[in-house]
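The values are calculated or read from the model by the stated rules, or taken from the named source; none is laboratory data. All values derive from a computational prediction rather than experimental measurement. Positions of Cβ are generated from backbone atoms using ideal geometry, with glycine treated the same way; all protein chains shown enter the neighbour counts. Heads up: the accessible areas ignore ligands, DNA and RNA and are worked out on the full protein's heavy atoms, side chains in. Shrake-Rupley method; radii C 1.70, N 1.55, O 1.52, S 1.80 Å.
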Amino acid sequence: MSKLYRHNAPFKLESGEVLPSLEIAYDTFGELNEAKDNVIWVCHALTANSDVADWWPHTVEQGKFLDPERYFIVCANFLGSHYGTTSPLTVNPATGKKWYYDFPRITVRDMVACHQLLAKELGIERVKLLIGSSIGGFQCMEWAIMEPEFMENLALIATTTYSEPWAAAFNESQRMAIRLDPSWGEERDDAGLDGMAVARSIALISYRGGAAYNATQQELSNPLEASFDRRAHSYQQYQGEKLRRRFNALSYYRLSEAVDSHNIARGRGTIAEALSRIKARTLVVAISSDILFPVEAHTPLREHIADVEYHLIESEFGHDGFLVEHEKLNTIIQKFINR
C-alpha cells in the first residue's frame, strides 16, 4: 500500500503556474540504517507507479540490486501520474472540482522538484544510488544537475539528454489518436480512453521495434489460405486494452508532453555544459536494439560526464529491454555499486 505525503503549500511549476497544494504517493522497501547511507531512490518510467516490485521484475529481491535486506529503497509516483500523486483527476482545492483539462503542463524538472520535497520530508539528504530508465532516466539526469551532491552514484538506463524529433513524433501521433476520441473534451474520468488505447499501440512499436515483433509475433503455423488476422494484431489490441483498464488519458496526454519538453541544456548552455555539473559516479547503460533512445543517443552521457562507466546490453527487445533483461542489468548494477 503506497504512502502519501501531503504538501499543504503552493507549488510553483517551471511554467510559472502554481498548484495550490500537492499530494505525492510513494513506496519504500527495507529499512533506513542508522547512518542513513543505504538509500536507493528509483525514478520510474511513463506509466509505471511507485511500487517498483510491481513493474520491474526480479529487482526488489534478496541478492538483487534493489535488495531490501541491504538497502532502503524509495520510489515516488511522479507529478501528473495516475497512481496517487497530484494529476488531472485530482480535485483542485481552489475550485473544489477535478482539474481535468485545466491541469497545467508540467516538465521533468517539476517532477524532480516534487521528489526533492519528499526527500526533505523523509529526512534523506544523500542517496547511495539514484537510478532510472527512460523518463526515469530523464528525472535522474535533471536531479543530478539540479542537486549534484544528493547522490553518490547515478545509473542512467535506456535514456537520453533531450527528446529528439523521432521520439516527439511518436508522442504527437499518440496525442492525435487521443484527440480523435469522441469523448475527448468531456469532463469525465474515462474521457479519451479509446483514443489512449490506440496511442498505446503506437507507443509499443517504438518500445519494441521490428526485431522483437518478428521474434515474438510470428504465426504459429503455415496457413493454407490467406489469413487476415495476425498475432501482431491481437497483441496490439491487447496492449491498448491493458493500459485502458489501468490508466487515464488526461494523465497520459500531459505526461507525453512532459517527455517532449525534456532537454537538460535548457537554460544551461550546451548539453556538455549541463552534464559537466554531474558529480556522481555514473553508470550509463544502453540497449542494442532500442529504436526510441538508440545507442548513439547515449554518447553525450559517455563523453561529458566526468566519472562514467558505460555498458551495452545486447537484446532484441528494444527499449523494453530494461524491463526484460533484468538478469543482465542486475549483474552490471551489482558490480557498479559494490566496486
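Couple of notes before you dig in:
- In order along the range 265-278, the Karplus-derived 3J(HN,Hα) couplings, from 6.51 cos²θ - 1.76 cosθ + 1.60 at θ = phi - 60°, round to 7, 4, x, 10, x, 9, 4, 4, 5, 5, 5, 5, 7, 6 Hz, and Gly and Pro are given as x.
- Measuring nothing but alpha carbons in the range 291-337 and taking Rh as the Kirkwood radius, the Rg to Rh ratio lands at 0.98.
- Candidates Ala76, Ala274, Ala211: whichever shows maximal mean-square fluctuation once the chain is modelled as a Gaussian network with Cα springs under 10 Å: Ala211
- FRET E, pair Glu327, Gln218, Förster distance 22 Å, beta-carbon r, rounded to 0.05: 0.35
- The distance between label points at Ser234 and Glu69 comes to 4.2 nm (points 7 Å beyond Cα on the Cα→Cβ vector).
- Taking one quarter of the surface of the convex hull spanned by the alpha-carbon atoms of the chain gives a direction-averaged projected area of 18.1 nm².
- Debye intensity ratio in log₁₀ form over the Cα atoms of the range 95-223, taken at each q of 0.11, 0.19 Å⁻¹: -0.62, -1.14
- Subset of Lys128/Lys279; Lys36/Lys279; Lys36/Lys120; Lys12/Lys97; Lys242/Lys328; Lys12/Lys279 violating a 22 Å alpha-carbon distance limit: Lys242/Lys328; Lys12/Lys279
- Ranked packing of 257-270, 277-290, most packed first, by mean Cβ within 10 Å: 277-290, 257-270
- Choice from Asn33, Asn248, Asn92 with maximal GNM fluctuation in the chain (Cα, 10 Å cutoff): Asn33
- Accessible carbon and sulfur surface of the range 102-142 relative to its total accessible area, %, 1.4 Å: 40 percent
- Net length gained if the chain between His58 and Glu34 were fully extended (0.36 nm per residue, minus Cα distance): 5.9 nm
- With both labels modelled 7 Å from their Cα along Cα-to-Cβ, the Leu89 to Lys12 distance reads 3.2 nm.
- Per residue, the solvent-accessible area of the chain (1.4 Å probe, heavy atoms of protein chains only, all protein chains present) comes to 44 Å².
- DSSP H segments from the chain that extend 24 Å or more along their own axis, Cα-based, with Kyte-Doolittle mean of -0.5 or above: 193-216
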